[in-house]
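The values are calculated or read from the model by the stated rules, or taken from the named source; none is laboratory data. Predicted, not measured: the structure shown is a model, and the values here were computed from it. Glycine also receives a Cβ, built like all others from the backbone with ideal geometry; neighbour counts cover every protein chain displayed.
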């Protein structure tokens, strides 16, 4: 459990990106267990719900017309067209989270990360890229899942280099050789970023109060 913040702060938009199999999803789950205040960004999509998926919990399911209307009026923080369906992160929940001091996790690729990092909310964005220790280890992790057919694994491996090639556009880059060690580093990064000036709106008032006290003491 992270330490209690003594002063109200603004929320962070925490972006986690990596190629498939680098451990991002496991690390995200561990972060959520560490700090129950963290929440996942609920993406919007134009694809149909899959069995068991609940609107508003797993995704916000929108028609293509509604999704395009949201893009046109600037209501999407980031969006992309993937295999014929739109996916995106609604802007309003992210703005509310920042105001209310809640941190939001985004599990998105480098294109979505770039859109958020160049948005009006960029001062509150923390982007972290997770690298595998080797390509062989990445492939082994995908195989050990036992979830994907060989052709899907081949496609994920093919796409992995495109993801990895954008590593240098992130604020932090971690090599996930050991899951526990990487988790510890992630927590350290988040705790440090929460203390940045931009995240602490009460600092100015506190410093002014200190100055007033100082002046009173001189009288």
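Is it the case that the range 73-91 has a residue that's touching a residue at least 40 places away in the same chain (Cβ under 8 Å), closer than 30 Å to residue 160 by Cβ and loosely packed, with under 14 Cβ neighbours inside 10 Å?
Yes, the range 73-91 contains a residue that is touching a residue at least 40 places away in the same chain (Cβ under 8 Å), closer than 30 Å to residue 160 by Cβ and loosely packed, with under 14 Cβ neighbours inside 10 Å.
Is it fair to say residue 153 is within 20 Å of the chain's Cα centre (by Cα) and surrounded by 14 or more Cβ atoms within 10 Å (Cβ to Cβ)?
Against the criterion (within 20 Å of the chain's Cα centre (by Cα) and surrounded by 14 or more Cβ atoms within 10 Å (Cβ to Cβ)), residue 153 does not qualify.
Using the structure shown, decide if residue 163 is assigned to a helix (DSSP H, G or I), touching a strand residue (DSSP E or B) at 6+ places or on another chain (Cβ under 9 Å) and under 27 Å from residue 93 (Cβ atoms).
yes
Can you spot a residue in the range 193-205 that is at pLDDT 95 or above, touching a helix residue (DSSP H, G or I) at 6+ places or on another chain (Cβ under 7 Å) and not in a helix (DSSP H, G or I)?
no
Would a scan of the range 3-22 turn up a residue that is at pLDDT 95 or above, in a loop (DSSP other than H, G, I, E, B) and within 23 Å of residue 131 (Cβ to Cβ)?
yes
Quick one: is residue 94 modelled with pLDDT of 95 or more, surrounded by 21 or more Cβ atoms within 10 Å (Cβ to Cβ) and closer than 30 Å to residue 8 by Cα?
When the stated conditions are applied, residue 94 passes them.
Confirm whether residue 40 is free of Cβ contacts under 8 Å to residues at least 12 places away in the same chain and either closer than 25 Å to residue 167 by Cα or touching a helix residue (DSSP H, G or I) at 6+ places or on another chain (Cβ under 9 Å) (or both).
no
Return the pair list, or none, for Cβ contacts closer than 7 Å from residues in the range 195-211 that are farther than 14 Å from residue 123 by Cβ to residues that are part of a helix (DSSP H, G or I) and modelled with pLDDT of 95 or more, at least 6 apart or on different chains.
Partner pairs satisfying both residue conditions: none exist.
I'm told residue 100 meets every condition in (1) closer than 29 Å to residue 167 by Cα; (2) in contact (Cβ under 8 Å) with a residue 24 or more places away in the chain except one. Can you identify the failing condition by its number?
The one condition residue 100 does not meet is (1).
Say whether the condition of being in contact (Cβ under 8 Å) with a residue 40 or more places away in the chain and surrounded by fewer than 18 Cβ atoms within 10 Å (Cβ to Cβ) is met by at least one residue in the range 9-22.
No; the residues of the range 9-22 include none that is in contact (Cβ under 8 Å) with a residue 40 or more places away in the chain and surrounded by fewer than 18 Cβ atoms within 10 Å (Cβ to Cβ).
Would you mind finding the one in 160, 165 that is farther than 23 Å from residue 36 by Cα, in contact with a helix residue (DSSP H, G or I) (Cβ under 9 Å, 6 or more places away or on another chain) and surrounded by 13 or more Cβ atoms within 10 Å (Cβ to Cβ)?
160
Out of all the residues in the range 173-185, which are touching a residue at least 60 places away in the same chain (Cβ under 8 Å), touching a strand residue (DSSP E or B) at 6+ places or on another chain (Cβ under 7 Å) and in a helix (DSSP H, G or I)?
Residue satisfying the conditions is 182 alone.
Name the single residue that is modelled with the lowest pLDDT among those in the range 132-146 being within 21 Å of residue 181 (Cβ to Cβ) and loosely packed, with under 12 Cβ neighbours inside 10 Å.
Across the range 132-146, the extreme among qualifying residues is 144.
Taking the range 54-67 on its own, how many of its residues are assigned to a loop (DSSP other than H, G, I, E, B), surrounded by 13 or more Cβ atoms within 10 Å (Cβ to Cβ) and out of contact with any helix residue (DSSP H, G or I) (no Cβ under 9 Å at 6 or more places or on another chain)?
Total satisfying the criteria: 1.
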